[in-house]
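A short reminder: the numbers here are calculations on the coordinates, not readings from a lab. None of these values were measured; they are calculated from a predicted model. Here the Cβ is made from the backbone with ideal geometry for all residues, glycine too, and neighbour counts use every protein chain on show.
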Amino acid sequence: MRAMLAENRLHPSDFIWPLFICDGRDCEEPIGSLPGVSRWSIDRIGAKAKEAAALGIPCVALFPNTPENLRTERAEEALNSGNLICRAIKAIKDSAPEIGVLTDVALDPYTAHGHDGLIDNVGNVINDDTVSILVEQALVQAAAGADIVAPSDMMDGRVAAIREALEREGHQNIAIMAYAAKYASAFYGPFRDAVGSRGRLKGDKRGYQMDPANIEEALREVELDLAEGTDFVMVKPGLPYLDVVARVKDAFGVPTFVYQVSGEYAMIEHAAAAGAGDRDALILETLLAFKRAGASGILTYHAVDAARLIAG
Ligand code: PBG
């Protein structure tokens with residue numbers, strides 16, 4: 001009877017699995033602050049995507065740990081059609097053509113200063129110059145075979161500019177998932193380790209990411225990105241922002257994704273390791289909470305674990 005009456009349930013198709021890419025051959029680099037998550041070299045990334053596809057996960061999200069010497073003030077490596085992301089897309093399409101590939105549009109894995117955009121000499125992000133680089137970055141990813149481009153930088157006007165460029169270049173089947181309401185959060189630490197930007201980040205991202213105090217602003221951000229032509233919107237982080245997920249879904253009724261971010265993942269892993277709760281139950285309960293709040297899908301480092309748990 002409980003199953004008959006359940007208002008929400010989890011399915012592997014709810015998940016998008018973030019994967020970190022590193023340079024080199026036959027490499028697995030465990031990420032200390034993200035227990036159980038590793039960076040994989042290009043020659044091993046296809047197998048990870050295949051594993052996800054076999055479990056019914058429809059999409060992976062790719063993030064690079066750009067080699068030190070390729071990080072510059074103006075993030076030129078983001079536009080290199082032979083960069084880690086572009087090579088990873090091809091490797092994944094070769095070994096698991098049925099899985100979708102989502103790529104992050106933002107400059108932080110490529111800048112020497114770790115910010116998502118260009119910065120001026122006092123450290124403020126330069127919105128409009130950044131947008132033109134993001135457009136080029138999205139086009140490079142699209143040409144390499146990305147199915148969804150996901151601007152995570154929080155610059156103003158980038159969705160419209162990316163949409164226009166994709167149309168112009170004949171990429172009308174590529175979707176945009178805008179990180180529409182992305183907060184300046186303390187939960188991103190392990191991710192910044194994973195892409196190697198933590199140590200180099202000067203200052204913080206409060207100049208372009210949202211204040212955790214605000215929810216009306218989240219609705220305005222979502223409205224803008226929709227007006228500019230995004231196909232999906234995203235709220236990030238996840239569990240501490242379930243109210244935002246619910247409000248966005250109620251207000252707009254559009255596909256609303258949520259990112260259970262690295263710090264949230266780490267909290268669950270550390271809590272379980274310390275005996276504070278059952279790991280599998282913590283994973284499934286938190287993911288189900290996103291569905292209850294109205295999320296259409298969840299980016300989660302637990303995607304493969306959760307898909308296995310659901311399959312039983
Ligand atoms: C940056 C980006 C971040 C995440 C995804 N894209 C971090 C940040 O804004 O500093 C965070 C994801 C996570 O913590 O799991 N463009």
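Over the alpha-carbon set of region 228-276, work out the extent along each principal axis and list the three values in angstrom, largest first.
Principal extents (largest minus smallest coordinate, Cα): 44, 17, 11 Å.
With a/c under 1.5 counting as rounded, go ahead and sort region 85-214 into rounded, prolate or oblate using the C-alpha gyration tensor (a ≥ b ≥ c being the square roots of the eigenvalues; past the cut-off, prolate if a/b is larger than b/c, else oblate).
Values: a/c = 1.88, a/b = 1.47, b/c = 1.28.
Verdict is prolate for region 85-214.
With +1 on the Cβ of every Lys and Arg and -1 on the Cβ of every Asp and Glu, and nothing else charged, how large is the dipole of the chain about its Cα centre, in debye rounded to the nearest 20?
Dipole about the Cα centre, nearest 20: 680 debye.
Ranked highest first by average number of other Cβ atoms within 10 Å, how do 142-148, 117-123 line up?
Result, highest mean first: 142-148, 117-123.
Can you list the GluC sites (Glu not before Pro) in region 57-150 that are in a DSSP coil and have 10 or fewer other beta carbons within 10 angstrom?
Here the sparse-neighbourhood loop sites are GLU73, GLU98.
What are the ³J(HN,Hα) values, in whole Hz, obtained from phi via the Karplus relation 6.51 cos²θ - 1.76 cosθ + 1.60 with θ = phi - 60°, for each residue of region 176-182 in sequence order, with x given for Gly and Pro?
For region 176-182, the Karplus-derived couplings read 10, 10, 7, 6, 7, 10, 10 Hz, x marking Gly and Pro.
For the chain, build the charge dipole from Cβ charges (+1 Lys, Arg; -1 Asp, Glu) around the Cα centre, then report which of VAL125, ASN8, VAL233 sits farthest towards its positive end.
It is ASN8.
Between ASP120 and GLU28, what FRET efficiency follows from the Cβ-Cβ distance if R0 is 45 Å, with the result rounded to 0.05? Intermediate values should be presented prior to the final figure.
Numbers: r = 39 Å, r/R0 = 0.86.
Computed FRET efficiency for ASP120 and GLU28 comes out at 0.70.
Just to be sure I follow the rule: in the chain, considering lysines 8 or more places apart or on different chains, how many pairs have Cα atoms under 15 Å apart?
Total qualifying Lys-Lys pairs in the chain comes to 10.
Would you give the gap between the C-alpha center of region 36-88 and the C-alpha center of region 190-247, rounded to a whole Å?
Centre-to-centre (Cα) distance: 22 Å.
Once phi is turned into ³J(HN,Hα) by the Karplus curve 6.51 cos²θ - 1.76 cosθ + 1.60 with θ = phi - 60°, what whole-Hz value does each residue of region 184-190 show in order, with x for glycine and proline?
Computed from phi, the couplings for region 184-190 are 6, 10, 7, 8, 9, x, x Hz.
Among PRO240, PRO190, PRO12, which one moves the most in a GNM of the chain with springs linking Cα atoms closer than 10 Å?
With Cα springs under 10 Å in the chain, the top fluctuation among PRO240, PRO190, PRO12 is at PRO240.
Convert each backbone phi in region 203-211 into a coupling constant with the Karplus relation 6.51 cos²θ - 1.76 cosθ + 1.60 (shift: θ = phi - 60°), then list the ³J(HN,Hα) values in order as whole Hz, x for Gly and Pro.
x, 9, 9, 5, x, 10, 8, 7, 6
Which semi-axes, in whole Å and largest first, does the equivalent ellipsoid of region 2-311 have when worked out from the alpha carbon gyration tensor as the square roots of 5 times its eigenvalues? Write out the running numbers ahead of the final one.
Values: eigenvalues 146, 105, 80 Å².
Computed over region 2-311, the values are 27, 23, 20 Å.
GNM, the chain, Cα, under 10 Å: largest mean-square fluctuation among GLY263, GLY170, GLY114?
GLY170
Magnitude of the Cβ-charge dipole of region 1-46, K/R +1 and D/E -1, about the Cα centre, nearest 20 debye?
220
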